[in-house]
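No value in this document is a laboratory result; all are computed from the given coordinates. Model, not experiment: these values are computed from the prediction. No Cβ is skipped: glycine too gets one built from the backbone with ideal geometry, and neighbour counts run over all protein chains shown.
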Amino acid sequence: MKRLSIIIPTYNMEQLLPQCLDSLVISPAAEALDVVVVNDGSRDSSLQIATNYAARYPEIIRVIDKPNGNYGSTINAALPTLRGEYVKILDADDTFDTQAVAPFVEYLAQVSGADMVVAPFTEISHQGERTVSYDLYHGKHFGYGVAYDAERVFEREVIPYFMMHSVAYRTALMQSIGYHQREGVSYTDLQWCFFPIFKVATIAFTDISLYRYNLTREGQSMDSTVQLRKIDELTTVVTDMAQMLDSYGSEVSVARYNFLAGVVMRRMQTVLRKYLLEMDDRTFATSNFEATLAAFMRYAPQPLRVYINGKLRVDILRRWQRRGSRYPRLIRRAILAVDSAMQRIYKALFG
């Protein structure tokens with residue numbers, strides 16, 4: 001069995017796919033990898049590039065070619081075919097740190113059997129690079145080289161959420177629970193870091209920063225402008241998460257429920273904040289805000305509040321509930337400017 005399966009969802013990534021694959025195949029641990037490139041109906045030469053790499057590295061790379069179905073469909077197509085003990089997603093516009101691949105594979109062997117492995121990752125922006133850790137701003141709470149009981153991790157309440165770039169799962173766990181992401185919409189990577197948490201029994205941590213997350217590409221789904229354009233898709237994914245917690249939350253411990261509820265609340269707050277602060281007046285007037293708010297109010301695991309940020313705990317949702325209107329445009333701009341400045345200061349001090 002291979003040690004690590006890597007799913008690479010690919011849609012029109014001919015410019016970036018080669019460097020993504022190169023970051024894997026030149027590693028001295030490449031033979032331990034099971035790389036599955038899933039071409040999601042690309043209209044450029046992505047499929048040909050992937051096929052060429054598979055021909056050059058047949059023991060490492062495989063290709064699945066399928067009609068376009070968006071991000072979740074690529075994960076669903078790849079999962080049943082995986083050959084590695086662990087599975088990790090790598091977006092085609094990102095890379096792995098080639099020097100970190102071998103140490104990471106060795107670490108997986110060391111903690112073999114752990115359901116989930118959590119690592120820091122490198123965020124690459126126009127401002128430079130920074131390491132994002134699972135214990136950002138909190139210090140080191142868990143040691144390395146040991147699989148912790150997941151309940152102990154959640155009871156500590158020091159990790160607010162996990163990101164796709166930081167997690168790897170035991171493949172057999174994902175297959176046994178019949179993991180399935182929603183298809184046809186973006187942002188289902190949020191589900192990758194949520195649905196399996198209901199069943200994860202053990203978690204191991206490492207300080208090996210493997211994933212290099214590229215924020216410099218224009219048009220990526222996490223861009224604020226793109227998120228506003230696809231707000232309905234983001235809403236759909238978050239509602240799925242909330243409904244799952246509503247349906248199965250009673251089956252998990254209080255500590256695990258509180259963790260999952262915190263994730264749902266943060267995602268709901270993110271969506272509502274975009275409606276209430278970031279969306280322009282014309283778009284907001286024809287948006288699905290009322291339907292979104294009603295769905296969120298129905299499934300919110302806690303009283304719903306939307307604060308400017310963690311320090312400025314002014315509830316911007318309260319105004320809408322009282323007056324049926326948002327803040328005036330100039331005030332919204334001022335709030336966003338203040339929030340942005342506070343984030344920069346916080347990163348400068350603690351990031």
With 10 angstrom as the radius, rank TRP320, TRP192 by how many other C-beta atoms surround their C-beta, starting from the fewest. TRP320, TRP192
Counting DSSP beta bridges in the chain, what percent are antiparallel, to the nearest 5? 40
Between ARG62, ARG229, ARG83, where does the largest GNM mean-square fluctuation fall for the chain, given springs only between Cα atoms within less than 10 Å? ARG229
Starting from the amide H of ILE64, placed 1.01 Å from N in the peptide plane, find each other amide H under 5 Å away whose residue is 5 or more places distant or on another chain. VAL37, VAL38, ASN39
Burial ranking of peptide ranges 294-306, 162-174 (average Cβ count within 10 Å, highest at the top): 162-174, 294-306
Per 5 Å bin from zero, what fraction in whole % of the C-alpha pairs of region 2-214 is there, up to the bin with the longest pair? 1, 7, 16, 21, 21, 17, 11, 4, 2, 0
Ranked highest first by the average count of other Cβ atoms within 10 Å around their residues, in what order do 45-53, 324-332 fall? 45-53, 324-332
Ordering of 181-191, 241-251 by packing [mean C-beta count within 10 Å, highest first]: 181-191, 241-251
Do the sum for the chain: with -39,500 (n - 2.57) for every DSSP H run of n ≥ 4, divided by all residues, what is the mean residue ellipticity at 222 nm, to the nearest 500 deg cm²/dmol? -12500 deg cm²/dmol
Counting other beta carbons within 10 Å of each residue's own, what order do CYS193, CYS20 fall into, fewest first? CYS193, CYS20
How long is the gain from GLN175 to VAL146 if the chain were fully straight, where each residue apart is worth 0.36 nm and the alpha carbon distance is subtracted? 8.1 nm
For MET163, what is the net charge nearby, where nearby means another residue's Cβ is under 11 Å from its Cβ and Lys, Arg count +1, Asp, Glu -1? -2
